[in-house]
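K.L.:
Following this message is one structure expressed as structure tokens.
Just so it is clear, none of the values below were taken in a lab; they were calculated from the coordinates. Just so we're clear, the structure is a prediction, and the values are computed from it rather than from any experiment. So basically every Cβ, Gly included, is an ideal-geometry build from the backbone, and we count neighbours across all protein chains shown.
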Amino acid sequence: MKRSLPYSLTVVAAVVIMICVFFGVAPNVQQELDQWYVVSNAMVCAFGLVNLTSVHFRRIQRKEGEWDLSILLLVITYGYLILGLAKGPTDQLYSWIFNATAVPLGATFYALLAFYITSAAYRAFRAKTRDAAILLAAGIIVLLGKAPLGEYLLPVMGQWTSWIMDIPAVAAMRSVVFGATLGGLISAIRILLGFDRPYAAGGE
């Protein structure tokens, strides 16, 4: 039952959605399944919240490493959750807390990530072969073309950067996206036919 029921639900839902999308029939059924998908996502988030609470609550009880941060995490999580349920997502205070904390933290994270990427590229880009030399040259041109100082010193860098980003980079990205799409399609077919069952007990 643990294996047959999830597999049956997956096959039925996938077949119904494919028929509705590709043949344009029964749009109400597709909308109903989409709503159930939203409900299932909400249930998954609720289970995740319960798991998060249990893990950090046990850490607080045992006073394990950095258990004070677990208290802070639970207070912030449930405080923000209660505020959102009480005031709604359009409340001014609710939006201000998000814009004053999550947005600056995200910007800081990506700003630090840029330096890590640059340092990793400096260590990885070694012109030992012709292909590596081409990659290194393209990386230097794009880096200088995107930087205000580089474009000020060499105005032609902006044109070269635009050409690299619009033609070779787009072609490479389209091939990556195409390959990922085929891989996702093959995985979906394998799950639909029952060869892969990640939703079954034990991940079988």
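K.L.:
Stick to the Cα atoms of region 1-87, pair each with every other, and give me the Kirkwood hydrodynamic radius in Å at one decimal. Display every interim value, and only then the final one.
P.N.:
On the way: mean 1/r = 0.0611 Å⁻¹.
Result for region 1-87, one decimal place: 16.4 Å.
K.L.:
Relative contact order for region 1-87 using alpha-carbon pairs under 8 Å, separation at least 6, rounded to a whole percent?
P.N.:
Result for region 1-87 is 13 percent.
K.L.:
Here is a further query. Only residues of region 4-31 count here: report those whose backbone N is under 12 Å from the spot 7 Å along Cα→Cβ of Ser40, or say none.
P.N.:
Within reach of a label on Ser40, which here means backbone N under 12 Å from a point 7 Å along Cα→Cβ, region 4-31 contributes 6-17.
K.L.:
Applying the Karplus parametrisation 6.51 cos²θ - 1.76 cosθ + 1.60 with θ = phi - 60° to the phi angles of region 152-167, what ³J(HN,Hα) value in whole Hz is obtained for each residue in order, glycine and proline being reported as x?
P.N.:
Per residue, the Karplus-derived 3J(HN,Hα) values read 6, 6, 10, x, 5, 5, x, 5, 5, 5, 4, 5, 5, 6, 8, 10 Hz.
K.L.:
Still on this structure, I have one more. Stretched out fully, how many nm does the piece from Ile167 to Ala107 gain, at 0.36 nm a residue minus the Cα gap? Working shown, then result.
P.N.:
Working: separation 60, 0.36 × 60 = 21.60 nm, distance 2.86 nm.
The span from Ile167 to Ala107 would gain 18.7 nm if fully extended.
K.L.:
Tell me the relative contact order for the chain as a rounded percent, counting alpha carbon contacts under 8 Å between residues six or more apart. Numbers along the way, then the final one.
P.N.:
Details: 82 pairs, mean separation 41.6, N = 204.
For the chain, the relative contact order is 20 percent.
K.L.:
For a Förster distance of 22 Å, can you work out the FRET efficiency between the beta-carbons of Ile19 and Ile186, rounded to the nearest 0.05? Please report the intermediate quantities before stating the final value.
P.N.:
Numbers: r = 21 Å, r/R0 = 0.94.
Once the sixth-power term is evaluated, E becomes 0.60.
K.L.:
Taking the beta-carbon count within 10 Å as an exposure proxy, list Phe22, Phe98 from fewest neighbours to most. Provide the component values of the computation, followed by the final result.
P.N.:
On the way: Phe22 8, Phe98 13.
Ordered from fewest to most neighbouring Cβ atoms within 10 Å, Phe22, Phe98 come out as Phe22, Phe98.
K.L.:
Starting from the Cα of Tyr78, step 7 Å along the direction of its Cβ; do the same at Leu9; then give the gap between the two resulting points in nm.
P.N.:
The answer from the label model is 2.9 nm.
K.L.:
Next question, about the same structure. Using 7 Å Cα-to-Cβ label points, what is the Val55/Ala100 separation (nm, one decimal)?
P.N.:
With each label placed 7 Å out from Cα toward Cβ, I get 2.9 nm.
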